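Below: the structure, in structure tokens.
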Amino acid sequence: MFLNKFDIRWSDLDPNQHLANSAYTNFMSATRMAYMTKQGVSYNDLKKHSIGPVVLREEIHYFKEVFPGKPVYVSQEVFAVSEEGSFYKIRHNFYDDQGGNFARGEMLGTWLDMKTRKIVAPPSEIYDPLMGSNHAADFKILTKEETRVANVAPADIDLANELDWFGNA
């Protein structure tokens, strides 16, 4: 398991004076980037292969409030990868300074070819250090059906008919 330490800043708080939802999302993203760096995969490696990681979906489960004053630790484990490696799921657990688990986040991600803007499997130079290890105890192969489980599709509107002359709905 990989752990990343954070100090809670004022900008991480919401009006209720506890850790804001956006901070959880930012901490998860920063943990993934720190793990990538620790594994020796740099921005230049991604650029060289014209590939980038993309978050398709994130979900956070909150167990208790967290307040500033003590550090928090965010873990990262890969708990599912598609057979060809183009889709993956990462689990992040949030811990207080005593190891108490106060939240859990899960994300579904993919790899984007930066030229074609299509989903691709990463080359082994990227896949092996990032997805080939640090597996959760419940690691599994991700099926195509599991990547579509949310079953959400876009629903466009005719914006000109929805707004008045001043841009108000």
Under 5 Å, built H, 5+ apart or other chain: amide partners of residue 13: 20
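Hey, can you find the accessible area per residue of the chain for me, probe 1.4 Å, expressed in square angstrom? Each step should come with its number before you reach the end.
Values: 10380 Å² over 169 residues.
Heavy-atom SASA per residue in the chain reads 61 Å².
Please pull out the direction-averaged projected area of region 103-169, using the convex hull of its alpha-carbon atoms, in nm² to one decimal place.
Numbers: hull surface 36.4 nm².
Projected over every direction and averaged, the Cα hull of region 103-169 covers 9.1 nm².
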Separation between Cα centres of region 1-80 and region 84-108, rounded to whole Å: 9
Largest to smallest principal axis extent of the C-alpha atoms in the chain, angstrom: 55, 45, 31
Isotropically averaged projected area of region 10-90, using the convex hull of Cα atoms (one quarter of hull area), nm²: 7.0
Cα→Cβ-extended label distance, 7 Å offset, between residue 18 and residue 133, nm: 3.7
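Could you work out the helix-only [θ] at 222 nm for the chain, with each DSSP H run of four or more residues adding -39,500 (n - 2.57) and the total divided by the number of residues, to the nearest 500 deg cm²/dmol?
On the way: 5 runs with 40 residues, N = 169.
That calculation yields -6500 deg cm²/dmol at 222 nm.
With viscosity set to 1.306 mPa s and temperature to 10 °C, compute the Stokes-Einstein D of region 11-54, Rh being the Kirkwood radius across alpha carbon pairs; µm²/s, no decimals.
Values: Rh = 12.1 Å.
In µm²/s, the coefficient rounds to 131.
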Summed side-chain charge close to residue 20 - residues other than residue 20 whose Cβ falls under 9 Å, Lys, Arg +1, Asp, Glu -1: -2
Cα→Cβ-extended label distance, 7 Å offset, between residue 57 and residue 158, nm: 3.2
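First select every other residue whose beta carbon is under 9 angstrom from the beta carbon of residue 61; then total the charges, Lys and Arg +1, Asp and Glu -1.
So the surrounding residues net to -1.
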Lysine pair number, Cα distance threshold 28 Å (strictly under), the chain, separation 8 or more or different chains: 29
Highest-MSF residue in the chain out of 55, 149, 120 [GNM, Cα springs under 10 Å]: 149
Fraction of accessible area attributable to carbon and sulfur, region 1-127 (%, probe 1.4 Å): 51
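Restricting to bridges with both residues inside the chain, how much of the DSSP beta-bridge set is antiparallel, in percent to the nearest 5? List each step's numbers first, then the result.
On the way: 33 of 37 bridges.
Within the chain, antiparallel bridges account for around 90 percent of the total.
The values are calculated or read from the model by the stated rules, or taken from the named source; none is laboratory data. Being a predicted model, the structure only gives us computed values, none of them experimental. So basically every Cβ, Gly included, is an ideal-geometry build from the backbone, and we count neighbours across all protein chains shown. Quick note on the areas: whole protein, heavy atoms, side chains included, nothing else; ligands and nucleic acids left out. Shrake-Rupley method; radii C 1.70, N 1.55, O 1.52, S 1.80 Å.
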